[in-house]
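Student: Sharing a structure here in structure tokens format.
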Amino acid sequence: MIKAPQILYRETECSLAAAASDQLSATRVLAVDDEPAACKLLSLILGPPVFYCTTACSAEEALLTLQCEQFDAVISDLQMPGASGLDLLTQVRRLYPQMAFLVTTGVDDVEVGVQAMRCGADDYLVKPLLESAVLASLESALHKKKLEQQLENYRRHLEEMVAERTAQLQAALQQIQRSYEDTLQALAAAIDLRDSETAGHSQRVCHYSLEIARAMGWSDEQLSSLARGAYLHDIGKLGIPDGILLKPGPLTVDERKIMQRHVQIGFDLVKDIPFLSGAAEIVLTHHERHDGSGYPRGLRGEEILPSARIFAVADTLDAITSDRPYRRASSFESARETIRSLSGIQFDPRVAGVFLNIPEETWAAIARNQREIAALSSSLHGNSAILRLGLAIP
């Protein structure tokens with residue numbers, strides 16, 4: 001009985017599909033040997049359905065075949081005309097590092113086989129080849145490569161997990177940073193509520209200090225610590241009685257002693273807060289003077305923190321150029337002359353020199369910008385995007 005063409009076509013299609021499926025599920029091996037008999041033997045040992053074996057008679061042909069098809073393993077003779085088995089091994093290890101590679105060698109070339117393993121071969125087989133030896137060696141090599149691939153997959157997965165956790169940690173740190181800034185905002189608002197006559201002072205001296213520090217080449221980390229210290233320098237005034245803090249006229253000797261306690265009060269408030277540890281020293285020493293006549297410790301010269309020396313100039317600049325209940329603001333030119341005259345007395349000469357080398361227009365621009373921000377913040381008090389100072393590095 002002759003089958004209809006459609007039936008023959010369908011059976012042929014099914015046979016080809018089944019063969020393709022078997023090839024995909026089978027272990028694919030490329031046998032490389034310049035002796036046809038050796039290739040034929042390996043084809044018989046590594047036959048379907050467990051294996052699918054392709055042969056090549058040279059290293060050059062093997063490399064071309066590897067470019068066209070996917071294989072799980074290569075079994076190559078070491079001694080071949082042209083490129084040797086070792087040459088092929090070198091190329092395969094470079095191009096296909098996850099592929100198993102076995103070498104075959106004669107009895108007299110066992111040392112060469114051992115050398116091949118040192119160069120990256122998974123095992124070597126001595127001719128004449130035995131089926132049991134070929135299968136055992138190939139199974140061992142494939143198992144080894146499978147374990148290596150699993151280890152590599154695990155490493156990649158671990159790297160992805162680390163990257164993901166790192167991103168989560170960075171997001172958490174950013175949230176903590178925002179919380180820090182919100183805390184500083186609340187503390188500064190409390191200071192302004194107590195001493196409305198100097199509202200905006202902390203923001204201005206913060207930016208003045210950073211301008212000087214940047215000109216001195218300070219790092220981002222140093223700038224961050226300086227910003228926090230400058231912003232919170234007067235936090236201790238929260239502990240000073242209103243009758244002294246808000247007194248419109250000159251203070252008595254006793255009142256001045258009480259007022260001077262604000263640096264210690266402020267230091268005690270923030271010294272145990274980890275992210276304000278660097279700022280705490282600025283809070284404590286921002287009234288020290290270069291000649292040792294300041295308070296609370298009477299430090300002089302290099303004994304005073306560099307950040308406090310910078311802040312002293314910025315604080316005086318803002319004090320002279322801002323309105324006070326007992327006097328009107330003076331010009332930035334007048335402030336520069338005062339700081340120049342007190343260099344080496346009240347101020348570190350190096351810091352004062354850096355300050356004087358910065359154009360006067362820079363300070364006026366900073367003051368104007370900060371007053372505009374303060375005015376806008378007052379009208380949009382609930383908008384955290386406006387209020388945020390970015391104290392990590394303003």
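Student: Sort 76-85, 220-229 for me by packing, meaning the mean count of neighbouring Cβ atoms within 10 Å per residue, highest on top. Walk me through the numbers on the way to the answer.
Tutor: Values: 76-85: 18.7, 220-229: 20.3.
Sorting 76-85, 220-229 by mean packing, highest first, produces 220-229, 76-85.
Student: Be a star and scan the range 92-132 for residues whose amide nitrogen sits under 17 Å from the point 7 Å along the Cα-to-Cβ vector of Y154.
Tutor: none
Student: Two decimals is fine: what's Rg over Rh for the range 315-372, C-alpha atoms, Kirkwood radius as Rh? Let's see the in-between values first.
Tutor: On the way: Rg = 11.7 Å, Rh = 11.9 Å.
Across the range 315-372, the Cα-based Rg/Rh ratio is 0.98.
Student: Okay, moving on. Give me the lysines in straight-line cross-link reach of K237: C-alpha distance below 16 Å, same-chain residues under 8 apart excluded.
Tutor: K247, K257, K271
Student: Excluding same-chain residues fewer than 8 positions from K144, which aspartates and glutamates have a Cα within less than 16 Å of its Cα?
Tutor: The qualifying aspartates and glutamates are D72, D122, D123, E152.
Student: Could you let me know the centre-to-centre spacing of the range 93-137 and the range 329-357, using Cα atoms, in angstrom?
Tutor: So the two Cα centres are separated by 81 Å.
Student: For D323 and E360, FRET efficiency with R0 = 22 Å and r from the beta-carbon atoms, rounded to 0.05? Don't skip to the answer; put the middle values down first.
Tutor: On the way: r = 19 Å, r/R0 = 0.87.
Efficiency, from the Cβ-Cβ distance: 0.70.
Student: Compute the separation of the alpha-carbon centres of the range 139-190 and the range 248-289 and state it in Å as a whole number.
Tutor: 41 Å
Student: Rounded to a whole number, what % of the accessible area of the range 206-326 do carbon and sulfur atoms account for, probe 1.4 Å?
Tutor: Details: 2710 of 5280 Å².
Roughly 51 percent, rounded to a whole number.
Student: If we count every other residue with Cβ under 13 angstrom of Q346's Cβ, Lys/Arg +1 and Asp/Glu -1, where does the sum land? Don't jump to the answer; show the numbers that get you there.
Tutor: Values: positive: R289, R300, R309, R340; negative: E288, D291, D315, D348.
Its environment carries a net charge of 0.
Student: Next question, about the same structure. With bins 5 Å wide starting at 0, give me the P(r) of the range 222-315 over every alpha carbon pair, in whole percents.
Tutor: Bin by bin from 0 Å, the calculated values are 3, 15, 24, 23, 20, 11, 4, 1.
Student: Related question: Quote the FRET efficiency, to the nearest 0.05, computed for T166 versus M216 with a Förster distance R0 of 51 Å and r equal to the Cβ-Cβ distance.
Tutor: On the way: r = 33 Å, r/R0 = 0.65.
So the FRET efficiency works out to roughly 0.95.
Student: Another question, then. What distance in nm separates the simple spin-label points at A136 and Y180, each placed 7 Å from Cα in the Cβ direction?
Tutor: So the label points at A136 and Y180 sit 6.5 nm apart.
Student: Once all Cα-Cα distances of the range 42-170 are split into 10 Å bins that start at 0, what whole-number percent is in each one?
Tutor: Whole-percent P(r) values from 0 Å outward: 12, 38, 30, 10, 7, 3, 0.
Student: On average, how much accessible surface per residue is there in the range 80-155, in Å², for a 1.4 Å probe, leaving out ligands, DNA and RNA? Can you show the working numbers first?
Tutor: Details: 4310 Å² over 76 residues.
In whole numbers, the range 80-155 has 57 Å² accessible per residue.
Student: Nearest 0.05, what FRET efficiency do E69 and F275 give at R0 = 45 Å with Cβ-Cβ as r?
Tutor: Working: r = 61 Å, r/R0 = 1.35.
The value I calculate is 0.15.
Student: Can you spot the lysines whose alpha carbon is less than 27 Å from K145's alpha carbon? Ignore those fewer than 8 places along the same chain.
Tutor: Once the sequence-local lysines are set aside, what remains near K145 is K40, K127.
The values are calculated or read from the model by the stated rules, or taken from the named source; none is laboratory data. Predicted, not measured: the structure shown is a model, and the values here were computed from it. Neighbour counts run over all protein chains shown; Cβ positions are idealised from the backbone, glycine included. To get the accessible areas, we keep the full protein, side chains included, count just its heavy atoms, and leave off ligands, DNA and RNA. Shrake-Rupley method; radii C 1.70, N 1.55, O 1.52, S 1.80 Å.
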